[in-house]
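The values are calculated or read from the model by the stated rules, or taken from the named source; none is laboratory data. Only a predicted model underlies this, so the values are computations on that prediction, with no experimental measurement involved. Every residue, glycine among them, receives a Cβ derived from its backbone with ideal geometry; neighbour counts consider all protein chains shown.
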Amino acid sequence: MNLKPIFVLIIIVSLILQLRNCEYGAEHQVKFGDFDPKYKNAHLTAVSAQELLGNKEYSEALRYYEMAREEMEHPNVRADKGEDIYINYGFVMNDIGVIHLSWALYGKEMNTDISHIDLNEINEDELVKAREALNESIDFYKRWYEHNEDDYERFAKAIAESYANLGTALKYSGEQEKALEAFRLSLLRNPDNKTAERALEMLDISPTPYIEAGEEEEKRHKKLPI
């Protein structure tokens with residue numbers, strides 16, 4: 001693979017920004033008032049995980065995310081089935097994927113002062129974990145949207161973020177065609193996703209057709225005024 005240095009810098013910046021401030025993270029999971037009490041423990045654990053991310057305590061954050069995941073997969077909660085308004089499972093899996101992806105590229109010491117990524121030093125095991133978590137996040141969002149088709153904007157922005165992250169993971173896994181498809185799908189769902197847009201530009205691929213397709217998709221899902 002021949003990655004341009006500027007593309008690498010963009011990946012560094014975008015991943016670290018996500019770890020510090022996940023716009024569609026756990027604290028945004030409640031949209032309509034109070035959530036069902038059965039989600040309380042999972043919700044609080046996920047919020048704690050995100051706070052740990054903000055404090056750069058990545059290993060501890062991952063531990064809390066895994067705890068939140070286990071609670072959401074409990075038979076009495078079943079938040080991983082995507083059937084109701086609780087969308088936090090997708091956020092948790094995305095953030096788990098981002099942590100593993102960051103570790104794959106920078107090591108667990110998170111040395112983000114580097115100006116390039118040594119392709120020979122990428123941790124393949126962490127890269128596999130990242131892809132698995134991000135794919136699970138995407139699959140969850142799709143299942144969730146089947147039961148929440150009135151909330152396209154929330155679905156689109158969330159899944160676009162995971163597609164952009166997956167594209168990065170695929171790129172560093174040597175699967176360029178799959179990476180390009182992930183970036184395309186990211187812009188199809190959210191034409192404002194800058195990670196996907198810049199990734200395509202740095203690969204000498206114009207994002208404009210994909211952005212325009214995303215804008216048309218947005219128009220299609222906008223509700224007509226009553």
*Do we find a residue being among the hydroxyl-bearing types (Ser, Thr, Tyr), farther than 22 Å from ASP139 by Cα, surrounded by fewer than 23 Cβ atoms within 10 Å (Cβ to Cβ) and in contact with a Leu (Cβ under 9 Å, 6 or more places away or on another chain) anywhere in region 188-211?*
yes
*Name every residue in region 30-62 that is at pLDDT below 50 and either among the hydrophobic types (A, V, I, L, M, F, W, C) or under 16 Å from the mean Cα position of the chain (by Cα) (or both), in order of residue number.*
VAL30, PHE32
*Mind listing just one residue for me: the one in region 195-209 that is polar (S, T, N, Q) and in a helix (DSSP H, G or I) and, of those, modelled with the highest pLDDT?*
THR208
_Filtered residues of region 181-194 (kept if farther than 22 Å from VAL92 by Cα and either among the hydrophobic types (A, V, I, L, M, F, W, C) or in a helix (DSSP H, G or I) (or both))_ = GLU181, ARG184, LEU188
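Out of TYR86, TYR106, TYR64, I need the residue that is farther than 27 Å from ALA179 by Cα and either out of contact with any Phe, Trp or Tyr (no Cβ under 9 Å at 6 or more places or on another chain) or touching a residue at least 60 places away in the same chain (Cβ under 8 Å) (or both). Which one? Walk me through it before giving the result.
Details: TYR86 fails: either out of contact with any Phe, Trp or Tyr (no Cβ under 9 Å at 6 or more places or on another chain) or touching a residue at least 60 places away in the same chain (Cβ under 8 Å) (or both); TYR106 fails: farther than 27 Å from ALA179 by Cα.
On inspection, the qualifying residue turns out to be TYR64.
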*Can you name every residue in region 73-126 that is of a type outside the set (Asp, Glu), part of a loop (DSSP other than H, G, I, E, B) and under 30 Å from HIS147 (Cβ atoms)?*
HIS74, PRO75, ASN76, VAL77, ARG78, GLY82, ILE85, TYR86, ILE87
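Pull up region 146-180, narrow it to residues that are hydroxyl-bearing (Ser, Thr, Tyr) and without any contact (Cβ under 8 Å) to a residue 60 or more places away in the chain, then point me to the one that is farthest from ASP95 (Cα to Cα). Before you say what the answer is, go through the steps one by one.
Kept after step one, since they are hydroxyl-bearing (Ser, Thr, Tyr), are these residues of region 146-180: 152, 162-163, 168, 172-173.
Now drop any that are not without any contact (Cβ under 8 Å) to a residue 60 or more places away in the chain, which leaves 163, 173.
On the way: TYR163: 13, SER173: 19 Å.
If we take residues in region 146-180 being hydroxyl-bearing (Ser, Thr, Tyr) and without any contact (Cβ under 8 Å) to a residue 60 or more places away in the chain, then SER173 is farthest from ASP95 (Cα to Cα).
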*Answer yes or no as to whether TYR145 is over 15 Å from the mean Cα position of the chain (by Cα) and part of a helix (DSSP H, G or I).*
yes
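Looking at the structure I just gave you, is ALA164 small (Gly, Ala, Ser), at pLDDT below 95 and touching a helix residue (DSSP H, G or I) at 6+ places or on another chain (Cβ under 9 Å)? Please lay out each step first, then the result.
Values: small (Gly, Ala, Ser): yes; at pLDDT below 95: no; touching a helix residue (DSSP H, G or I) at 6+ places or on another chain (Cβ under 9 Å): yes.
For ALA164, the condition - small (Gly, Ala, Ser), at pLDDT below 95 and touching a helix residue (DSSP H, G or I) at 6+ places or on another chain (Cβ under 9 Å) - is not met.
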*asked:* Checking the structure you have, find out if any residue of region 128-145 is closer than 15 Å to HIS100 by Cβ, touching a residue at least 60 places away in the same chain (Cβ under 8 Å) and crowded, with 22+ Cβ neighbours inside 10 Å.
replied: no
